[in-house]
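Since the structure comes first, as structure tokens, the remarks are kept for the end.
Where a number appears in this text, it was derived from the coordinates with a stated rule and is not lab data. As the structure is a computational prediction, the values presented were derived from the model and not from experiment. Cβ sites come from the backbone with ideal geometry, for glycine too, and all protein chains shown count toward neighbours.
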Amino acid sequence: MPLIKNNQLVDDPWRDLSDENKAPLAEETDIIVSYERWREDRNVLVRRNGRLGVKLSSDQPPSLIEDSLEYLDVIVLDFPRFTDGRGFSYARLLRERYGFTGEIRAVGQWFRDQMAFMQRCGINAFVVNGDRSLGEWLEAQQEISVVYQPAADDRTWVSRMRSTASRTARAAAE
């Protein structure tokens, strides 16, 4: 499936082993494993040369991997239904509480109008379903141009823009 990362279509370098039970681990391959496999094979996984990611299902909070974030380059959050909003909260926790700076990837079911809000929570990569054109998915990420409160995506919000404009105007008048 196509991967959109940081608002661009990219090739996915990751091999998803999260659904393959005990598939062999290639030393140099970038892999994503399920939380269960991470828990079982952590010692082997951290000694590999390839990059590592963990997939959390919607009932697995990021606190389960809080002490492992230094080993992880990507965290995949599963959205099993568009009505399940736990992934939004998990992404914010990963960015704001735990300070995770790597890729947070969304997989599963959501509507295109949810993507902008997912980005605000800190998700920066999306595995998109094939039911829409890629252009529509990319377009969806640009639909909200003004935001009203701070969030994990570090965009400047309206009141900050206003105060900056006010200070600039006062400085110009002096």
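Counting only residues that are closer than 19 Å to Asp16 by Cβ and hydroxyl-bearing (Ser, Thr, Tyr), how many does the stretch 58-112 have? The number of residues fulfilling the criteria is 4. Applying the condition of being over 22 Å from Asp59 (Cα atoms) and aliphatic (A, V, I, L, M) to the stretch 31-45 and asking which residue is surrounded by the fewest Cβ atoms within 10 Å (Cβ to Cβ) yields Val44. Looking across the stretch 47-91, the residues that are within 14 Å of the chain's Cα centre (by Cα) and part of a strand (DSSP E or B) come down to Gly53, Val54, Lys55, Leu56, Val74, Ile75, Val76, Leu77, Asp78, Phe79.
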